[in-house]
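The values are calculated or read from the model by the stated rules, or taken from the named source; none is laboratory data. All of these numbers come straight from a predicted model, not from anything done at the bench. We place every Cβ from the backbone using ideal geometry, glycine too, and count neighbours over all the protein chains shown.
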C-alpha cells in the first residue's frame, strides 16, 4: 500500500491532494515539524529530513513535485494525466514554473508574516517578494483569461500542483484581486472535494 509521510500543513498537502484526486487507497503517516523528521526511522525514508516522502510498496521517493508527477503518471488517466507527450510536457512546465517562479516568493512572505520571530521579520523582504510575484502571477492570469484550466478545459495535475503552491497565498492573506482570472481559477481548484479531504489530514 502507498504510504504518505507528512502533514497537511506542509508541502505534503499537495501529495495528499493528488492521492485523493486520483482516488488512491493510502496510509497517511503524520510526520510534523516537532522533531519527527529527524528521527532515525524517518531519516531512513528521507535522509534530507524533509516532508513529504512516500513509500509505494517499497519504492521510496521524496520531493513533493516529483511525487505528484509520479503518482499522476502511475495512476492517472486522461485528462488528469495527459495522454500525449506534449500534454505531459506542459503539465511538467507549469509544475516547475510554480516551484521556481511562485513558491520561493510565497515562502518569503510566509516566513516574514507568520513563522519568524517578530524581531527577525523584514518589511523589505515582504515588499520585495510581493513585487517579484507580479510578473509570474501576470503570466498565469493572462493565460487563464483564455483557458478554463492550465492545459485547456479539464483539471489536470498541472492545476493541482500550481494551485497547491498558490494556496500559500491564502495563509498570508495575499491580495490576488489584481489577477482576477487567476484568482477565479484558484478558488475553483481549491474548492475541489479532493482538496477538502486532503486538508483534513493532520
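Residue-level analysis places residue 155 outside the set of residues that are buried (at least 17 other Cβ atoms within 10 Å of the Cβ) and over 22 Å from residue 64 (Cβ atoms).
Tally up the residues in segment 58-73 that are under 17 Å from residue 16 (Cβ atoms) and touching a helix residue (DSSP H, G or I) at 6+ places or on another chain (Cβ under 9 Å), please. Qualifying residue count for the region: 8. Among all positions in segment 106-115, there is at least one residue which is more than 12 Å from the chain's Cα centre (by Cα), farther than 27 Å from residue 141 by Cα, free of Cβ contacts under 8 Å to residues at least 40 places away in the same chain and in the same structural domain as residue 170 (by TED's automatic domain parsing). Hey, can you tell me all the residues within segment 1-44 that are assigned to a strand (DSSP E or B) and either free of Cβ contacts under 8 Å to residues at least 40 places away in the same chain or in contact with a strand residue (DSSP E or B) (Cβ under 6 Å, 6 or more places away or on another chain) (or both)? Of everything in segment 1-44, those that are assigned to a strand (DSSP E or B) and either free of Cβ contacts under 8 Å to residues at least 40 places away in the same chain or in contact with a strand residue (DSSP E or B) (Cβ under 6 Å, 6 or more places away or on another chain) (or both) turn out to be 2, 3, 4, 5, 26, 27, 28, 29. When we screen 92, 200 for residues that are within 27 Å of residue 7 (Cβ to Cβ), out of contact with any helix residue (DSSP H, G or I) (no Cβ under 6 Å at 6 or more places or on another chain) and modelled with pLDDT under 95, the only hit is 200.
I want to confirm something. Restricting to segment 118-151 and keeping residues that are free of Cβ contacts under 8 Å to residues at least 60 places away in the same chain and outside any helix (DSSP H, G or I), which single residue is nearest to the chain's Cα centre (by Cα)?
Filtering segment 118-151 for residues free of Cβ contacts under 8 Å to residues at least 60 places away in the same chain gives 118-149.
Among the residues that remain, those that are also outside any helix (DSSP H, G or I) are: 121-122, 145-149.
Working: 121: 24, 122: 25, 145: 22, 146: 23, 147: 21, 148: 19, 149: 16 Å.
Per the stated criteria, the residue is 149.
Among the residues of segment 9-25, those that are crowded, with 18+ Cβ neighbours inside 10 Å and in contact with a helix residue (DSSP H, G or I) (Cβ under 8 Å, 6 or more places away or on another chain) comprise 11, 12, 13, 14, 15, 16, 17, 18, 19, 20, 21, 22. Among the residues of segment 168-190, the ones that are in contact with a helix residue (DSSP H, G or I) (Cβ under 6 Å, 6 or more places away or on another chain), assigned to a loop (DSSP other than H, G, I, E, B) and surrounded by fewer than 21 Cβ atoms within 10 Å (Cβ to Cβ) come to 2 in all. Among the residues of segment 51-72, those that are over 12 Å from residue 4 (Cβ atoms) and either not in a helix (DSSP H, G or I) or not assigned by TED's automatic domain parsing to the domain that holds residue 9 (or both) comprise 57, 58, 59, 63. Per the listing 82, 47, 52, 30, the residue uniquely surrounded by 13 or more Cβ atoms within 10 Å (Cβ to Cβ) and over 23 Å from residue 156 (Cα atoms) is 30.
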